Amino acid sequence: LGQEIISSLFMNEVDRASRQMGSWLSLHPNSLDATVVYSSLLRKQKHFSRADSLLLGSSLSWGSNTSIIMEKALVKFGMNKDDDATKLLRSVLVEGDQLRERYIYLSSALLEMEKFELSDDYFEKAMAIRASPFPYYRRGCALARVGLKDRAFPALEKAVELGMGQKKQYED
């Protein structure tokens, strides 16, 4: 089942991977990583209340785990409980080595959830820590995929401004 889950995740088969993760968790109910992945898949399917219930029922010892906290916050954002989400994030969005990556992760997840303004806020916070071309390029591509081409081009232009300019990179 593990190989099948990995294959489904790699192929971005969200529905299939979600069913498989549900089966996995019934066999391994105390798997932190599987809980986070399954919640993320439920969130991508817009099954926010199921994801919320899953995370509320998770092990008490995981309460301070950053991945669990961030996933709980993303589910709250999906449920339009932005204040609850922001409160959850206070404990993990503190100065440190991972702050920029956490902002980028939140920005990407919120973009997928079509929470564009929130996504922009976290992206700008990440780039204020350290701007680099690749996140702007990835953001430009993601914005284009969701049909926001007028917002995609400034991100791509910023990627070029920061040094991403080889023709091969854009062809790929």
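Looking at the structure I just gave you, is LEU156 free of Cβ contacts under 8 Å to residues at least 40 places away in the same chain, assigned to a helix (DSSP H, G or I), hydrophobic (A, V, I, L, M, F, W, C) and in contact with a Gly (Cβ under 7 Å, 6 or more places away or on another chain)? Taking the combined requirement at face value, the residue satisfies it.
How many of the residues making up the stretch 71-117 are open to solvent by 70 Å² or more (accessible area, probe 1.4 Å), under 28 Å from ASP150 (Cα atoms) and not aromatic (Phe, Trp, Tyr)?
Taking the stretch 71-117 and keeping what is open to solvent by 70 Å² or more (accessible area, probe 1.4 Å), we get 80-81, 83, 87, 90-91, 94-95, 97-98, 101, 105, 112, 114, 117.
Imposing the further condition that a residue be under 28 Å from ASP150 (Cα atoms) reduces the set to 80, 101, 105, 112, 114, 117.
Narrowing the set further to residues that are not aromatic (Phe, Trp, Tyr) leaves 80, 101, 112, 114, 117.
Looking only at that region, the number is 5.
Would you mention how many residues in the stretch 102-129 are within 17 Å of SER40 (Cα to Cα) and in a helix (DSSP H, G or I)? Give the steps one after another, and end with the answer.
Here is the first cut: in the stretch 102-129, the ones within 17 Å of SER40 (Cα to Cα) are 102-115, 119.
The next check asks that each one be in a helix (DSSP H, G or I); those that pass are 102-112, 119.
The number of residues fulfilling the criteria is 12.
ALA85 falls short on exactly one of the conditions (1) within 26 Å of LEU143 (Cα to Cα); (2) of a type outside the set (D, E, K, R); (3) in a loop (DSSP other than H, G, I, E, B), and that condition is (3).
The residues in the stretch 1-26 that are farther than 19 Å from ARG43 by Cβ and touching a residue at least 12 places away in the same chain (Cβ under 8 Å) can be counted, and the count is 3.
Return the residues of the stretch 1-14 that are assigned to a helix (DSSP H, G or I) and open to solvent by 90 Å² or more (accessible area, probe 1.4 Å); say none if nothing qualifies. Full working, then the answer.
First, pick out the residues of the stretch 1-14 that are assigned to a helix (DSSP H, G or I): 2-10, 14.
Answer for the stretch 1-14, where residues must be assigned to a helix (DSSP H, G or I) and open to solvent by 90 Å² or more (accessible area, probe 1.4 Å): GLN3, GLU4, ILE6, PHE10.
The values are calculated or read from the model by the stated rules, or taken from the named source; none is laboratory data. Being a predicted model, the structure only gives us computed values, none of them experimental. Quick reminder, even Gly has a Cβ in these numbers, built from the backbone with ideal geometry, and neighbours come from all protein chains shown. Accessible surface is based on the protein model in full, side chains and every heavy atom, while ligands, DNA and RNA are left aside. Shrake-Rupley method; radii C 1.70, N 1.55, O 1.52, S 1.80 Å.
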